[in-house]
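What follows draws every value from the coordinates through simple rules; no lab data is involved. Not measured: the values here are computed from a predicted model. Here the Cβ positions follow ideal geometry from the backbone for every residue, glycine too, while neighbour counts run over all protein chains shown.
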Amino acid sequence: MAGTLVGLDVPRQSRRHQIVPYALGRAQEREPAIGGVGLDVRYAVTPHLSAYGTVNPDFATIEADQELVNLTRFEVSLTEKRQFFLEGGELFNQRIRTFYSRRIADIEGGGKLLGKQGPWAMHVLATRADPLAAGGSAGYAVARVQRDVAARSNVGVLLSNRTVDGRNQGSVGGDASLYFTENWGLTGQLVHSYGQYSQGAGAFFVRPSYDSATAHFHVGYTHLGDRLADNVNVVGFIVDDDRREVDAAVNKTVWLPDGPVERVQYDSAYDVYWGQTGILRSWQVEESLAVDLRNRWTAAARHTEEFKRFERDFRNRQTGVEIGYNTRSYQSFRGGVSTGHNFDADFVLASAVAQYKLTDRTSTEYELQRLTLDPDPGGGGTWIHVVRASRFFTPDLFLRVFLQTNSAIDRRNVQAVFVYRYRPPFGTVQVAYQRGTAEFGQRSDQGHTLFLKVTTVL
């Protein structure tokens, strides 16, 4: 429905291999200067299948994780930004996430095989983690094979494993996305985990659905054993196990040919789950309505009601409104405010996002989150500011800047990377500055730090 992309003039690679070594130097305030070297190798086994190898890859100049407000009691899923894990990562997208690449810390080395041949697609990777990870040297092996079936369907299997001191832990499973007509389909997944526990270590889900250009409906059932996360989360991402869960959603979009209103969109989602012993643990209802005007302004209203059972019963709610301008393009703005009650505290959460091109070669982004809690004995109320800016002097000479603050943990993070690609895309010289870089939600004592990285292509 998006049309056909034509008119591209993409040169073919004349070589089947690329060897990309790098050298890195780092000088940090109050710390001795250090250096390091590493190597990336790429080899085209066939035109559609490539092998990748890496030794001591450098992730030092990658943008830090963005701070955000988390109103739940569960772990936040963080975006993967490391190039070794990004390419081909879409093959690992599953409802029950048995592979989450952020579980793998900075790695000493690794390799992967990635490609598609006819109806078959594969992504196989193996890495050795830093010796500090998991209390000792940890090896990770992940294999994904998927086959297209008919015009739009596919089936696949996924193995995710971590090995520490000869002990294996992880999961193996299969999944399918099947379409029986143009609109009706069925998705499902079956998982068996292994490791510390043999009982309560399985999971499955099944979800029939209807999809059209303007509507969606599904109802699904998910079973998560009460020990699933204990086994899987060394390499996967199970937010909360011990569930027998029923969820459903209804979405409808109406396009209007005339008048000031261009589109009206209604979304609703319903979820309830019990523990494996039959105790009600949670239910949640979400409703939202959004309106797009022809003058490029948008407005939306959302409401959520939920019940959560932890050390005792909680009844949470959240109501919010949002307005935006030109939100389908880069140069845009949106902002909103939500109020409600969350785990014995009243709250107000305000947010805003603005993106703007100062010139054809200079772009900026600003994000704000402001949370107030009443009462707030733990000091959870916060101001979060995030600024990004990019300046391209030429297509191969550019500067990127990232700043963020979180008042709740007194975090002030600054990163700037100046890049010259003298042999694009991999032959580069990078000068980077950092201060206050740390894990998500953590304070940092990193002082002024300067990096120099040189990469070439052989």
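Straight-line cross-link partners of K112 among the aspartates and glutamates, defined as a Cα under 16 Å from its Cα and at least 8 positions apart when in the same chain: D40, E87, E90. As a length-normalised measure over Cα pairs under 8 Å and 6 or more apart, the relative contact order of region 389-447 settles at 26 percent.
Reported to the nearest whole Å, the Cα centre-to-centre distance from region 264-329 to region 417-442 is 38. Work out the charge dipole of the chain with +1 on the Cβ of Lys and Arg and -1 on the Cβ of Asp and Glu about the Cα centre, then indicate which of T304, P57, V37 is farthest towards its positive end. Among T304, P57, V37, the one farthest towards the positive end of the dipole of the chain is V37.
Karplus-derived 3J(HN,Hα) values for region 277-287, using 6.51 cos²θ - 1.76 cosθ + 1.60 with θ = phi - 60°, are 8, x, 7, 5, 10, 6, 9, 8, 10, 10, 10 Hz; glycine and proline are entered as x. Projected label points at I19 and L5, each 7 Å from Cα along the beta carbon direction, are separated by 3.2 nanometres.
For K453, the lysines whose Cα falls under 23 Å of its own Cα, not counting residues fewer than eight places away in the same chain, are K81. Each residue in T394, T61 was given a count of other beta-carbon atoms within 10 angstrom of its own, and listing them fewest first yields T394, T61.
I need the calculated FRET efficiency for the pair A105 and E63, taking r as the beta carbon distance and R₀ as 25 Å, to the nearest 0.05. Let's see the in-between values first.
Numbers: r = 17 Å, r/R0 = 0.69.
Approximately 0.90, to the nearest 0.05.
For the chain, what does the alpha-carbon gyration tensor say about shape, rounded, prolate or oblate, given a ≥ b ≥ c as the root eigenvalues, a/c under 1.5 as rounded, and a/b over b/c as prolate? Intermediate values should be presented prior to the final figure.
Values: a/c = 1.29, a/b = 1.16, b/c = 1.11.
Because its axes are fairly even, with a/c under 1.5, the chain counts as rounded.
With a ≥ b ≥ c the root eigenvalues of the C-alpha gyration tensor of region 197-271, is it rounded (a/c under 1.5), prolate (a/b larger than b/c) or oblate? It comes out prolate by the Cα gyration axes.
Pairs of Cα atoms under 8 Å, at least six residues apart: use those to get the relative contact order of the chain, whole percent.
Values: 1152 pairs, mean separation 46.5, N = 458.
Normalised by residue count, the contact order of the chain is 10 percent.
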